[in-house]
Amino acid sequence: MDITLIKGHGSGNDFLIIDEITNGYSFSESERAELAKLLCNREGVLGADGILYVINSENSDGRMRVFNADGSEASMCGNGLRLVARYVCELKGLDEAVIETMKANLKVSRKPEIYDGVPTYQVEISPVLFELSALPLNLDQPTLLNEKIEELSDDLMFTALAVPNPHLVAIVTAGELEGNLQKELSEKVNGPNELFPDGVNVSFVKPLESGAIYVRTFERGVGFTNACGTAMSASSLVTCLQGLNELETSIQVYNNGGKVHCIVHQQDGKYRIDLIGNATYLYNAAISVDLSGETFTVSRKEELSEQQTYEKLQGEVQEYLSTTLKG
């Protein structure tokens, strides 16, 4: 099969965007998963954290389906949603749109640039659920809010929430960021285990200064990534719950791939988060795929210039983190 695609990233979390709206592709469910495993393989010529399938929607401006590099489907992806927001808005000539995701129809909009020359979009992250059954997390209690999980750590305090992807968040010190602790416990809860039968995204969060945090995430189905949009959103909410940041106030969230802004809203006892950050395109490509033979060839690849501008932002972020993370 012949496929055209765009590779892009949100905060360094990179994806292949495949347009099913205008190209008329009719992938089966198994083909979507197989394409993700084949094309996203980092040892291949494309490589990515996942594939974003942009599909027609009966009740929204477009629909997003997210398949991770291991072929599993994610219910939501904040960084990926910004890319889909840009694609749909540009395709349909909109500044605001509604994108259908697995769990909810979410508002997206174009925003002033987060950094000069960097395309920026705001996306809604919701619903937010604290019930352990929503993750699921098998503990004999209804919620987990800044509490220990003895099977994972004697010291760390965790908060569990679904946004709607499942997240386990811990506020940590600079020392706890070092070493292999996050990797070890993340691999434990994403392998065969009784706590998280479906796995979970694990984030370590380091407060930096007033209104600023650093988030590093081990993503379910992927591993460590430069950034995870729903994790940064969930982490921002957790810092508000613990009094480290304030509701209705922009929080600068730094990550290994750059930075975003998050604003946590509360209404009628429910939370939602605005995630604001880049939607950067890297290249356009055309490929020919043989799924039965598990091979593909690239017939065309057109590099774009947007990454050069984004790298200026990334450089400033890394310089900032090199001093603040040690504190």
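Summary of computed values
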| read-out | value |
| --- | --- |
| Considering residues of the stretch 287-327 that are assigned to a helix (DSSP H, G or I) and open to solvent by 90 Å² or more (accessible area, probe 1.4 Å) only, the residue farthest from VAL215 (Cα to Cα) | GLN308 |
| Candidate set: the stretch 66-80, residues that are aliphatic (A, V, I, L, M) and more than 16 Å from ILE273 (Cβ to Cβ); chosen: the one most open to solvent (accessible area, probe 1.4 Å) | ALA69 |
| Check on GLY191, open to solvent by 10 Å² or more (accessible area, probe 1.4 Å), touching a residue at least 60 places away in the same chain (Cβ under 8 Å) and either assigned to a strand (DSSP E or B) or under 24 Å from ALA48 (Cα atoms) (or both) | no |
| Condition met for GLY221 (assigned to a loop (DSSP other than H, G, I, E, B), in contact (Cβ under 8 Å) with a residue 40 or more places away in the chain and open to solvent by 20 Å² or more (accessible area, probe 1.4 Å)) | yes |
| Matching residues, the stretch 34-51, being open to solvent by 20 Å² or more (accessible area, probe 1.4 Å) and not charged (D, E, K, R) | LEU38, ASN41, GLY44, VAL45 |
| THR173 within 17 Å of the chain's Cα centre (by Cα), hydroxyl-bearing (Ser, Thr, Tyr) and within 29 Å of GLU311 (Cα to Cα) | no |
| Extreme residue, farthest from the chain's Cα centre (by Cα), among residues of the stretch 28-72 that are of a type in the set (D, E, K, R) and assigned to a loop (DSSP other than H, G, I, E, B) | GLU58 |
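The values are calculated or read from the model by the stated rules, or taken from the named source; none is laboratory data. On a predicted model such as this, the values are computed, not experimentally measured, just so you know. Positions of Cβ are generated from backbone atoms using ideal geometry, with glycine treated the same way; all protein chains shown enter the neighbour counts. Note: accessible area is taken over every heavy atom of the protein model, side chains too, but ligands, DNA and RNA are not part of it. Shrake-Rupley method; radii C 1.70, N 1.55, O 1.52, S 1.80 Å.
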